[in-house]
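Accompanying notes for the structure given below.
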Amino acid sequence: MGALTFTEEFTSTVQPGRLFKALILDAPNLIPKLMPEAIKNVQLVEGNGGPGSIQEITIAEGDKIKHLKHRIDAIDPEKLTYSYAVIEGDGALEKVDSISHELKFEATEEGGCKTKNVSTYQPKAGVDVKEEDFKAAKEEGLALLKVVDAYLVANPEAYA
């Protein structure tokens, strides 16, 4: 079976630069504070935060997935783009060789932004995967985005 690719879009009233700073550049600090019930910590375990760096995410107790490691493939604060690959983890990740994500934050005419995420799941040889296998992960990613968005709306001075 070939790769599965999904495209998700999220629209926000928050300016794209603020959302990028909070969600991408300051994720290791902000995400565990906003979602302690889901994310214990996000830690840079290799590199300086640029391409090639590795982040380890420790998931809170009770979730099927306990940890993930992301490799940052590209990060461009000027173009507001970010791409990374999930290189280690458990749960549904046992069915795939790799998962890559490409995010782009674009300004809207209304002054907010549109976030586009293209995710590609490369299944392991002989493993049949379906979109439903990754539904929970997609919903968790959207929930994270909504939490950060709500925080920025409630705190207009944050990441300005």
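Which of the residues spanning the stretch 17-35 are of a type outside the set (A, V, I, L, M, F, W, C), in contact (Cβ under 8 Å) with a residue 24 or more places away in the chain and surrounded by fewer than 19 Cβ atoms within 10 Å (Cβ to Cβ)?
Answer for the stretch 17-35, where residues must be of a type outside the set (A, V, I, L, M, F, W, C), in contact (Cβ under 8 Å) with a residue 24 or more places away in the chain and surrounded by fewer than 19 Cβ atoms within 10 Å (Cβ to Cβ): GLY17, ASP26, PRO28.
Looking only at residues that are closer than 10 Å to VAL148 by Cβ and hydrophobic (A, V, I, L, M, F, W, C) in the stretch 11-21, which one is farthest from the chain's Cα centre (by Cα)?
VAL14
If we only count strands (runs of 3 or more DSSP E) wholly inside the stretch 50-145, which ones have 1 or more residues that are hydroxyl-bearing (Ser, Thr, Tyr) and either surrounded by 16 or more Cβ atoms within 10 Å (Cβ to Cβ) or without any contact (Cβ under 8 Å) to a residue 60 or more places away in the chain (or both)?
So the answer is 54-59, 81-89, 96-107, 113-123.
Looking at the stretch 14-54, which of its residues are of a type in the set (Asp, Glu) and closer than 20 Å to PHE105 by Cβ?
ASP26 - this is the single residue of the stretch 14-54 that is of a type in the set (Asp, Glu) and closer than 20 Å to PHE105 by Cβ.
Out of all the residues in the stretch 22-30, is one or more more than 27 Å from GLN122 (Cα to Cα) and more than 16 Å from the chain's Cα centre (by Cα)?
no
If only one of THR120, THR115 is of a type in the set (Ser, Thr, Tyr), closer than 24 Å to LEU34 by Cα and out of contact with any His (no Cβ under 6 Å at 6 or more places or on another chain), which one is it?
The match here is THR115.
Bear in mind these aren't lab numbers, they're just calculated from the coordinates by the rules spelled out. Note that the structure is predicted; figures quoted are calculated from it, not measured. Cβ coordinates were reconstructed from backbone atoms using ideal geometry, including for glycine residues, and neighbour counts include every protein chain displayed.
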